[in-house]
Amino acid sequence: MMRRQILFQVGLVLCLALTVNAADKKKAPINPMFEKSNKMWMQVMEKAPSITVDQLKKAKESGDAQFVILDVRTGDEFKAGYIDGAIHADRNAVEFYAAKAVPEPDTTIYVYCMIGARAASATLALLDLGYQKVFNISGGIHAWANAGYPVHNELGEFTFTKTAEVNWQ
């Protein structure tokens, strides 16, 4: 019985090794539309003025209530966890939400999403609307949580010990 288990395990390891080796040899073809899309989002993120999560944390701690934080993720993403004080303004209608939530065009607005792409797009749209001080929060809530800053939801406040490192490119 023990010999059978050992042979099975050796066979399993050999199969896995062959599969990994075959996968290394067969690289997936590059999707040109994905590359194009990725390039477009990178350009949007480069154009949008931005701040770091540490700069946002300092602004929040300063007690200056002269800014608004907009979370432009979906409703479900927002419910799962958000930066305290954030107003949900789904990216698909951020221009409408902002007009109601932020009537003064000189109010400082900090915008975030999961990693920064949708927020960068929303930042540029709000600047086009005439808001004068709009900033994308670089890295979004992913960077906020990785920095150990608190996240909130209906159950209260929590922090992550470390979220997974993801290469979104």
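Since every read-out is calculated from the coordinates, none of them should be taken as a lab result. This one's a predicted model, so the numbers in the text were calculated from it and none came from an experiment. Glycine gets a Cβ as well: all are built from the backbone with ideal geometry, and neighbour counts include every protein chain shown.
Among the helices (runs of 4 or more DSSP H) lying completely within the stretch 60-169, list those that include at least 3 residues that are closer than 19 Å to Q43 by Cβ. Walk me through how you get there before you give the answer.
Working: elements: 75-80, 94-101, 117-129, 140-146.
Counting at least 3 such residues, we get 117-129.
Of the numbered conditions (1) among the polar types (S, T, N, Q); (2) in contact (Cβ under 8 Å) with a residue 12 or more places away in the chain; (3) surrounded by fewer than 17 Cβ atoms within 10 Å (Cβ to Cβ), S37 fails exactly one; give the number of that condition.
Looking at each condition in turn, S37 falls short on (2).
Would you please name the residue that is nearest to I69 (Cα to Cα), looking only at residues in the stretch 98-157 that are of a type in the set (G, A, S) and surrounded by fewer than 18 Cβ atoms within 10 Å (Cβ to Cβ)?
A101
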